[in-house]
Each structure stands twice: as C-alpha cells, then as structure tokens.
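Report on the following structure.
Every number in this text was worked out from the coordinates using simple rules, so none of it is lab data. Computed from a predicted structure; not experimentally measured. We place every Cβ from the backbone using ideal geometry, glycine too, and count neighbours over all the protein chains shown.
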Amino acid sequence: TPYPRWPAPSPAESDHVAWLLGRHHGYTPESEGGSGLPHYTPPSGGEGKFAGCGDVQDVLEATIRTILSCNTSGKNSRAAHQSMVAAFGWNDWPRVLAAPEGELEEALRCGGLAKTKARNIQLLLAQTKERFGSLSLQHLHEASDAEVLETLLSFKGCGPKVASCVALFCLGRPEMAVDAHIFRLSKALGWVPPNASRETTYYHLNERIPRHLRYPLHVLLIQHGKACPNCT
C-alpha cells in the first residue's frame, strides 16, 4: 500500500460496510434465505452488447471497451463503441490497426478524448501483435493474477483502472477497481487519506480489502454512489 500507516479499511470494517450496503440495496445472507452479497458471474459473448467495463469473454475486446469507458459516461462510451463498430466492423482489429489514426479518432469523437483513445487503442493492438504474434490476449485467461496485471499495465493507456476492470470483470480476478464513485466514497469513509489520488486509492484498497470482498464491494459502492442523494 502507498499508505502503510493508514490502517483502514480493516477486514472487519470491509465486511461491515459490505453488509450495510448489501442490506440497504436488497441483499440478504444465505442464512436468512437470501443470495448473499453480489457474486461474480463469468461474462457471456459480447456481440450485440456495447461498451461496458470489460464484462465480455474476449480479453482484447474487454480492454478496448474499458479504454472507451475512461473519463466519460456510459452513454458516451456506448456511442463511441457503436460508432467504431459501424466504421470498422465487429472486432475487426486488423482493420482498426491499419486505419489512419484520424479515421479511428473521428469514429470515437462522440465518446470524448477521441485522439488519446484512438492512439492508445492502436498502440495496444500493435504491441499485442508484436509481442504475442496475433491480435489476441486470450492467453491471459490462463495467466496468474500478477501476470495479468503486469501484461495489461505494460500497454500505454492501460492504467490501473483499465487493467483492474478487465481483470475483475473479464477474467474474474479479485481486483478492487476504483471508479469515480468508489474513489469519492472511499474518502468519505476514511479508507484513504484526504490527499489520496485515484491510483493510490486503488493500490491501497487492493492491499487492505480481503480478496473475497473486492467484487461485492466494487459493485455495491458503485450502486450506492449512483443511487444515494446524500453520497453524490
């Protein structure tokens, strides 16, 4: 953790907050006949489903979807994904890689930060092909948690948010991905120092929160951050 002297959240506090939020949002323990906290479900195929933070089976597709979701709304990231598919076809990565950068940028313009995202997507595709011989990252399904993060973080434009979302949703790894809602609520809960950044918050929470609580807390903190008028 970047904050070794910051003890929160403890395992007990993580569990307490998970169940406070869980009960508030309709989850009940198995001992009471409920389904427990939110459970990870492996993603289905992605065709026909636009954007989203990595919740598809194909790792390269999940990474590109998550890049499109950065620093914009879900509505805008879906629009950018739809526009890219309309321009280049569904997951036609050779065509996306070969396109002039300005052409991809234009297709992504409706999603915001089009120039940066177009450049990062084409760099991701080029580096993937150069390193692994094809436009595929499916081997990461068999990689260790550390190898998954090391590989994803090595790509330009794939910071902790992109890497952790792909690891969590596409690959089912116990990552505490941090979005704007989780970042805000983590500060409100005193889980990180007031001067923490989103990146240092990610590294701190992944050290402090028990592995089995990372997925449910990720889901519940986002759900609560969107729904609670006192927490926005």
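Of the residues that make up the stretch 119-127, is at least one under 20 Å from V178 (Cβ atoms) and either part of a helix (DSSP H, G or I) or of a type in the set (S, T, N, Q) (or both)? I'd like the intermediate steps shown before the answer.
Taking the stretch 119-127 and keeping what is under 20 Å from V178 (Cβ atoms), we get 120.
The next check asks that each one be either part of a helix (DSSP H, G or I) or of a type in the set (S, T, N, Q) (or both); those that pass are 120.
For the stretch 119-127, residues under 20 Å from V178 (Cβ atoms) and either part of a helix (DSSP H, G or I) or of a type in the set (S, T, N, Q) (or both): present.
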The stretch 1-17: number of residues that are small (G, A, S), assigned to a helix (DSSP H, G or I), touching a residue at least 12 places away in the same chain (Cβ under 8 Å) and over 14 Å from L221 (Cβ atoms): 0
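Of all residues in the stretch 158-178, which are part of a loop (DSSP other than H, G, I, E, B) and either closer than 17 Å to R211 by Cβ or touching a helix residue (DSSP H, G or I) at 6+ places or on another chain (Cβ under 6 Å) (or both)?
Our first condition is that a residue be part of a loop (DSSP other than H, G, I, E, B); within the stretch 158-178, this holds for 158-159, 171-178.
Across the stretch 158-178, the qualifying residues are C158, L171, G172, R173, P174, E175, M176, A177, V178.
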Conditions (1) within 19 Å of the chain's Cα centre (by Cα); (2) more than 30 Å from A227 (Cβ to Cβ); (3) surrounded by fewer than 20 Cβ atoms within 10 Å (Cβ to Cβ); number of the one not met by Q127: (1)
Options L104, L20, L68: the member that is under 24 Å from L217 (Cβ atoms) and surrounded by 12 or more Cβ atoms within 10 Å (Cβ to Cβ): L20
One residue from L149, L168, L137, L205 being within 15 Å of S14 (Cα to Cα) and crowded, with 17+ Cβ neighbours inside 10 Å: L205
Residue in the stretch 209-231 that is nearest to the chain's Cα centre (by Cα), counting only those that are in a loop (DSSP other than H, G, I, E, B) and of a type outside the set (V, I, T): P210
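Count, please, the residues in the stretch 190-208 that happen to be part of a loop (DSSP other than H, G, I, E, B) and in contact with a Pro (Cβ under 7 Å, 6 or more places away or on another chain).
To start, the set of residues in the stretch 190-208 that are part of a loop (DSSP other than H, G, I, E, B) comprises 190-197.
Those still in the list that are in contact with a Pro (Cβ under 7 Å, 6 or more places away or on another chain) too: 191.
Qualifying residue count, the stretch 190-208: 1.
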